[in-house]
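In what follows, a single structure is set out as structure tokens and then discussed.
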């Protein structure tokens with residue numbers, strides 16, 4: 001039986017489209033390989049590994065960099081990211097500071113909870129608290145910096161630990177973050193999209209369970225760049241973001257996606273009563289500057305609000321020096337640094353083994 005002409009035409013169109021995508025993928029591979037950012041981002045610094053247990057028993061992977069007696073800095077990444085997001089801050093700060101990075105539950109080398117209910121803002125707060133308790137011996141204070149959902153984790157932690165904020169935090173840096181209306185205010189669909197339209201389109205996207213994709217899939221690469229990139233994003237950076245985001249397990253994507261779609265932490269902002277710096281990217285479509293502007297107005301001890309030109313949602317990488325300088329600004333000078341914990345070092349291995357969860 002002869003094949004209908006219509007089917008032959010359709011098959012030809014599909015074959016041509018597939019060939020075109022493969023040619024574009026190869027061009028993208030060559031462009032990315034020529035970008036020095038790609039090689040640099042794939043050589044993150046390695047620290048001393050520490051196992052942390054969150055309140056519900058979830059195992060978290062943490063790493064510690066820098067001198068034991070340096071002022072402490074804790075870095076908290078965002079949704080679908082890993083601790084490697086902060087590699088440039090670690091490199092810049094670890095010469096003088098005790099820098100702690102960790103993978104939030106389900107991300108990177110941390111365990112992936114099976115329970116769909118284990119991906120809430122309360123669990124984010126518990127993860128951060130467990131890192132504080134395990135990695136900062138003697139109750140020492142720290143500067144904490146959070147990117148996107150990592151900033152939300154800091155606000156959530158403050159809301160759940162109001163009596164401990166000033167004792168634990170010497171400062172907070174909130175980068176590309178917000179605390180409510182996260183879907184309604186997105187600009188991914190353009191500035192004219194309504195809050196209702198954004199919610200309608202973005203809620204399914206937040207819960208998307210991706211299938212296996214080839215490295216540097218051209219369509220996904222351009223979608224990622226559109227969502228999180230700014231005018232200064234390089235090909236290597238965009239490829240790095242794509243690989244990091246797509247590697248996140250489906251339960252993390254859907255679990256935290258659901259939480260982010262409904263998040264409202266406004267009542268917790270006032271509890272973050274520590275010197276604070278807020279950073280936004282002028283080109284951030286995912287969490288536009290309006291979020292940071294409102295957050296800056298609500299914080300009890302705002303030190304600075306910085307809006308970075310040409311930067312999208314990934315300021316810790318694309319504006320590394322600007323982010324690092326703000327973190328360093330809040331780090332206590334040696335003469336005023338608290339002496340708590342000096343000379344009373346507790347083995348990190350023992351702390352990890354002896355601590356079953358955050359109390």
Per-region count, the stretch 111-121, residues assigned to a loop (DSSP other than H, G, I, E, B) and touching a residue at least 60 places away in the same chain (Cβ under 8 Å): 5
Qualifying residue in the stretch 128-139 (condition: within 17 Å of residue 179 (Cβ to Cβ) and either part of a loop (DSSP other than H, G, I, E, B) or touching a strand residue (DSSP E or B) at 6+ places or on another chain (Cβ under 9 Å) (or both)): yes
Filtered residues of the stretch 270-293 (kept if crowded, with 21+ Cβ neighbours inside 10 Å and either free of Cβ contacts under 8 Å to residues at least 12 places away in the same chain or closer than 21 Å to residue 127 by Cβ (or both)): 272, 274, 276, 287
Lone qualifier among 202, 198 - being crowded, with 16+ Cβ neighbours inside 10 Å, closer than 25 Å to residue 105 by Cα and at pLDDT below 90: 202
Residue within the stretch 120-140 that is in contact with a helix residue (DSSP H, G or I) (Cβ under 7 Å, 6 or more places away or on another chain), buried (at least 17 other Cβ atoms within 10 Å of the Cβ) and modelled with pLDDT under 95 present: yes
Set 309, 294, 322: member being at pLDDT 95 or above and over 23 Å from residue 85 (Cβ atoms): 294
Residue among 88, 55, 98 that is closer than 28 Å to residue 254 by Cβ, surrounded by 11 or more Cβ atoms within 10 Å (Cβ to Cβ) and modelled with pLDDT of 95 or more: 55
Filter result for residue 47 (at pLDDT 95 or above and closer than 24 Å to residue 287 by Cβ): no
Answer from 32, 13 - the residue that is more than 30 Å from residue 259 (Cβ to Cβ), surrounded by 20 or more Cβ atoms within 10 Å (Cβ to Cβ), out of contact with any strand residue (DSSP E or B) (no Cβ under 9 Å at 6 or more places or on another chain) and at pLDDT below 95: 32
Strands (runs of 3 or more DSSP E) enclosed by the stretch 39-110 - at least 2 residues per element that are under 21 Å from residue 170 (Cα atoms) and in contact with a helix residue (DSSP H, G or I) (Cβ under 7 Å, 6 or more places away or on another chain): 59-65, 72-76, 98-102
Every residue from the stretch 157-176 that is touching a strand residue (DSSP E or B) at 6+ places or on another chain (Cβ under 7 Å) and either without any contact (Cβ under 8 Å) to a residue 12 or more places away in the chain or more than 17 Å from residue 301 (Cα to Cα) (or both): 176
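The values are calculated or read from the model by the stated rules, or taken from the named source; none is laboratory data. Here the structure is a predicted model, which is why all the values come from computation and not from measurement. Please note: Cβ atoms are built from the backbone with ideal geometry, for glycine as well, and neighbour counts cover all protein chains shown.
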